[in-house]
Amino acid sequence: MSEDKFLSDYSPRDAVWDTQRTLTDSVGGIYQTAAEFERYALRMASCSGLLRFGWSTIMETGETRLRLRSAQFCRVRHCPVCQWRRTLMWQARFYQALPKIVV
C-alpha cells in the first residue's frame, strides 16, 4: 500500500496547494455522481497529480529555490486547482500592467 505524500510535507509554505487539491477531489466526487459529467471527474482526478520541480536562481539575491517546472492540469471550469492557478496568472498580469496604467 502506497502512502500519500503531500507538498506541504516538503514545503510548509505550499500548504495552500494541498488545500486546493483536496477541494478538487471533493468537486470531482460531485461530478462523479452524474453520468453526464463523469468525464470531468476523470479529468479532475488526474489534475496536478504529478508535479515536477526544478531549481531556480533569484537574480537580485542570488539564492536558489524550487519552482514548479511542469504539471498536467485538467482545465475543467470548476476545478479548484485550475481556478486557483488562473487567479494567480491574472494577478501577475495585473501587477505587470499596473505601472503602465498608473502613469
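The values are calculated or read from the model by the stated rules, or taken from the named source; none is laboratory data. In this text, all values refer to a predicted model and were calculated from it rather than measured experimentally. Cβ placement follows ideal geometry from the backbone for every residue including glycine, while neighbour counts extend to all protein chains displayed.
A few remarks follow.
- Arg39 vs. criteria assigned to a helix (DSSP H, G or I), surrounded by fewer than 12 Cβ atoms within 10 Å (Cβ to Cβ) and of a type outside the set (Ser, Thr, Tyr): yes
- Counting the residues of the range 42-65 that are assigned to a strand (DSSP E or B) and closer than 21 Å to Lys5 by Cα gives 6.
- Failed condition for Tyr40, given (1) at pLDDT 90 or above; (2) under 13 Å from the mean Cα position of the chain (by Cα): (2)
- Looking across the range 54-88, the residues that are out of contact with any Lys or Arg (no Cβ under 6 Å at 6 or more places or on another chain), hydrophobic (A, V, I, L, M, F, W, C) and free of Cβ contacts under 8 Å to residues at least 60 places away in the same chain come down to Trp55, Ile58, Met59, Leu66, Leu68, Ala71, Phe73, Cys79, Leu88.
- Scope the range 58-82; condition of a type outside the set (Val, Ile, Thr) and over 11 Å from Cys47 (Cβ atoms); matching residues: Met59, Glu60, Gly62, Glu63, Arg65, Leu66, Arg67, Leu68, Arg69, Ser70, Arg77, His78
- Those residues of the range 9-24 which are assigned to a helix (DSSP H, G or I) and over 13 Å from the mean Cα position of the chain (by Cα), in sequence order: Asp9, Tyr10, Pro12, Arg13
- Conditions (1) within 15 Å of the chain's Cα centre (by Cα); (2) exposed (fewer than 15 other Cβ atoms within 10 Å of the Cβ); number of the one not met by Ser56: (1)
- Looking only at the range 72-93, and only at residues there that are of a type in the set (D, E, K, R) and assigned to a loop (DSSP other than H, G, I, E, B), the one that is farthest from the chain's Cα centre (by Cα): Arg77
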